[in-house]
Amino acid sequence: MIVSKRILDFYLNSSIHVALSCYALVQITFHVFHIQYDEPMALFVFFGTIVGYNFVKYDALVRVKKKRIGAQLKIIAVLSFVSIVLVGYYFFHLKRITQIVSIGIFAITALYTLPFFPNRKNARNWAGVKIYIVALCWVGATLVLPLINAEIPLTTDFFIKCIQRFILVFVLILVFEILDLANDDPHLQTVPQTIGVKKTKLLGFLLLIPFWFLEVFISTFNYHDAIINLIMVVMLMLFIAFANPNRSKYYTSFWVESVPIFWWLMVVFL
C-alpha cells in the first residue's frame, strides 16, 4: 500500500498526470477538427507540459527557498531533463509558425514563474491574474498549436472551441482554488478569496451552461459529441458541488485533472 502511494505521488508530483490531461485535450482537438493523429504535435505538448509544470512547481523551491533536493526530486529532475530533450526533438518536427507560437506560450510560462520586471513579483503572484494565464496557456497548447500545425483555417468553429476550452480549464482551476483556499496567500485574490466558496461554485455552474450550448453552433455539430459533452458537464458539476478546502489533495491533483482524460476515453470508446 505504501509503495502504491509513493508511485501515485511520484506520478502526480512529476506532472505526468497533468501532461496526460493535456495530451487528451490535444486528441480531442484532433477529433473535433478531423485532424489525422500528429505524433510530433501530441508528444511535443505532452513532454512540454512536464517541463513547464515542473519548472513552475520546483523553480521556487530550489532557486529561492534553497530546499534540499531529495531522492524523488532528483528523479523528477532527470525526467524533466529527458523531457526537455524530447521537446527539442519534436520542436524541429513542427511547422515554422507552430514553433513561433509555441515559443510565445513558453514565454508566458516563464513570465508566470520568473520575476522579469524590477521590483515586481512573478505573474503567478499578481493579484487575480493567475487563473487567466493558466487557462490561456492550456488553450494555446492544446487547441491553437495543433490547428496551426495542421494548417486548419481559423474559422468561427476555432473561436467557439477556444471559448469552450478556456471555460473548461477556468472551471477546473476554480475547483483547485476552492481546495487551496486555506493555503493560498490572501494577496493572490483568487476567485474564492474574492467572492467566497458558494459564489465560486455558482460561477462554475453558470459557466458550464454556455460551455455546453456553444456546441450547438459548431458547423460539425453531432448528437454523439453533444451527449458526451453533457456527461462531462454533469461530472464537472459534481466535482464543483463536492469541492471544499478539507478535501484530500488527490481530489484535484488526480480526479479533477482526470476530467480531460475521461472526456477523451468517452470519445474513443462511446
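Among the residues making up the stretch 231-242, those that are open to solvent by less than 70 Å² (accessible area, probe 1.4 Å) and free of Cβ contacts under 8 Å to residues at least 60 places away in the same chain are M232, V233, M235, M237, A241. Close Cβ contacts (under 7 Å, 6 or more residues apart or on different chains) running from residues in the stretch 201-230 that are over 18 Å from L174 (Cβ atoms) to residues that are loosely packed, with under 11 Cβ neighbours inside 10 Å and not acidic (D, E) comprise I228/L270. Selection within the stretch 20-49: residues that are in a loop (DSSP other than H, G, I, E, B) and among the aromatic types (F, W, Y). The member of this set that is most open to solvent (accessible area, probe 1.4 Å) is Y37. In the set Y112, Y132, only one residue is part of a helix (DSSP H, G or I), under 25 Å from L172 (Cα atoms) and at pLDDT below 80; that residue is Y112.
Does E177 fit the bill of being more than 18 Å from E257 (Cα to Cα), buried (at least 18 other Cβ atoms within 10 Å of the Cβ), in contact with a helix residue (DSSP H, G or I) (Cβ under 9 Å, 6 or more places away or on another chain) and among the acidic types (D, E)? Here the answer is no, as E177 does not meet what is asked.
Matching residues to (1) open to solvent by 50 Å² or more (accessible area, probe 1.4 Å); (2) small (G, A, S); (3) part of a helix (DSSP H, G or I); (4) at pLDDT below 95:
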site	(1), (2), (3), (4)
A107	yes, yes, yes, yes
N119	yes, no, no, yes
G128	no, yes, no, yes
C137	no, no, yes, yes
L147	no, no, yes, no
P153	yes, no, no, yes
Q164	no, no, yes, no
V171	no, no, yes, no
H187	yes, no, yes, yes
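The values are calculated or read from the model by the stated rules, or taken from the named source; none is laboratory data. A quick note: this is a predicted structure, and the numbers were derived from the prediction, not measured. When we count neighbours, we look across all protein chains shown, and the Cβ atoms used for this are built from the backbone with ideal geometry, even at glycine. Ligands, DNA and RNA are stripped out before the accessible areas are found, and what is left, the full protein with its side chains, is counted by its heavy atoms. Shrake-Rupley method; radii C 1.70, N 1.55, O 1.52, S 1.80 Å.
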